[in-house]
């Protein structure tokens, strides 16, 4: 049964948001379909990233918890992760947008948060150039925050609030994947390529990796919509 654990985690995270996706006020399923171009581009980018980092030994997977089907060196469950987790996480964002649209950072706070985050992320990356995961995850998040602040600051201010709520299930799911509550980790990390800082069992960089995974499709979608108007 252990070899189904990663699959069960993916499907469990996906099940409730999918069941509630057709609720009229949120109408999440149709909204997610409109994200298809951004979602597809993000999926491809993160899969390529994952393939190379797995090949280089920056992270990897414990076969005890896998069904044993691989593609390009990635287990089937990892491919499924990039569908199930963005879908279920962005469900939280769109629920917040539908039910409490006023819940977002003010322009002043968004500006402060953007500048502070960019400074922190780029400085940390520069000081840890030998840590491939640190540099790639933090630099990508800094670039996304910078571009979105210049072009779509309201989206950034809204999503930063959403991401605080998203981090709650994120810490639970990612905690299990990295070894919390189970005997061994499902996904292991080579600490010579990250800061070595863990939140429980979760590498610190995962917070910003997750941010980029979720925010990039939203940003691409808004850029496409802006060009159509």
Subset of region 10-56 (residues that are surrounded by fewer than 13 Cβ atoms within 10 Å (Cβ to Cβ) and in contact with a helix residue (DSSP H, G or I) (Cβ under 6 Å, 6 or more places away or on another chain)): 22, 25
Residue 172 modelled with pLDDT under 95, surrounded by fewer than 20 Cβ atoms within 10 Å (Cβ to Cβ) and closer than 22 Å to residue 66 by Cβ: no
Some residue of region 134-147 being assigned to a helix (DSSP H, G or I), touching a strand residue (DSSP E or B) at 6+ places or on another chain (Cβ under 8 Å) and modelled with pLDDT of 95 or more: no
Residue within region 201-221 that is closer than 28 Å to residue 9 by Cα, at pLDDT below 95, more than 14 Å from the chain's Cα centre (by Cα) and surrounded by fewer than 20 Cβ atoms within 10 Å (Cβ to Cβ) present: yes
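Matching residues to (1) assigned to a helix (DSSP H, G or I); (2) in contact (Cβ under 8 Å) with a residue 40 or more places away in the chain; (3) closer than 30 Å to residue 155 by Cα; (4) touching a strand residue (DSSP E or B) at 6+ places or on another chain (Cβ under 6 Å):
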position: 9; (1), (2), (3), (4): yes, yes, yes, no
position: 37; (1), (2), (3), (4): yes, yes, yes, no
position: 49; (1), (2), (3), (4): yes, yes, yes, no
position: 57; (1), (2), (3), (4): no, yes, no, no
position: 60; (1), (2), (3), (4): no, yes, no, yes
position: 77; (1), (2), (3), (4): yes, yes, no, no
position: 92; (1), (2), (3), (4): yes, yes, yes, no
position: 95; (1), (2), (3), (4): yes, yes, yes, no
position: 98; (1), (2), (3), (4): yes, yes, yes, no
Selection within region 164-194 - free of Cβ contacts under 8 Å to residues at least 60 places away in the same chain and part of a loop (DSSP other than H, G, I, E, B): 178, 179, 180, 181, 183
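The values are calculated or read from the model by the stated rules, or taken from the named source; none is laboratory data. As the structure is a computational prediction, the values presented were derived from the model and not from experiment. Using ideal geometry, Cβ is built from the backbone for each residue, glycine included, and neighbour counts are taken over all protein chains shown.
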